[in-house]
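Reviewing the structure listed below.
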Amino acid sequence: MDNPSAVLHQAIQATERAEALITSVTSSERLWFKALEPYAKHPAYDALFVVLAETFDCPLVTRDKKLLCNFPDIATTPERLLKP
């Protein structure tokens, strides 16, 4: 069995590395309001991801076929994103 202290230390380090990746915070309430009307016919989480990508003017990288089909201007696959 792993040393609990060592496991805790690894977990804290992983959390600190993850926190370093966060560059901004967006109000989920604001995102919900932006997502409700124009994307009401889509699942809520899909709408939130689309609005978040639009808000940050970045692609929505996904393998979800429905998202790729319904939002071709913003949704892309990892392969298309990385294609030279």
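The values are calculated or read from the model by the stated rules, or taken from the named source; none is laboratory data. The structure presented is a predicted model; accordingly, all values stated were derived computationally and were not measured. FYI the Cβ positions are ideal-geometry reconstructions off the backbone, even for glycines, and counts take in every protein chain you see.
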(message) If a residue counts only when it is touching a Phe, Trp or Tyr at 6+ places or on another chain (Cβ under 7 Å), at pLDDT 90 or above and surrounded by 10 or more Cβ atoms within 10 Å (Cβ to Cβ), which helices (runs of 4 or more DSSP H) contained entirely in the chain have at least 1 such residues?
(response) 44-55
(request) Would you check which residues across the stretch 39-84 are of a type in the set (S, T, N, Q) and over 16 Å from the mean Cα position of the chain (by Cα) and list them? (result) 70
(message) I need every pair where a residue in the stretch 33-56 that is more than 16 Å from residue 68 (Cα to Cα) and free of Cβ contacts under 8 Å to residues at least 60 places away in the same chain has its Cβ under 7 Å from the Cβ of a residue that is assigned to a loop (DSSP other than H, G, I, E, B) and not basic (Lys, Arg), sequence separation at least 6 or different chains.
(response) 55/26
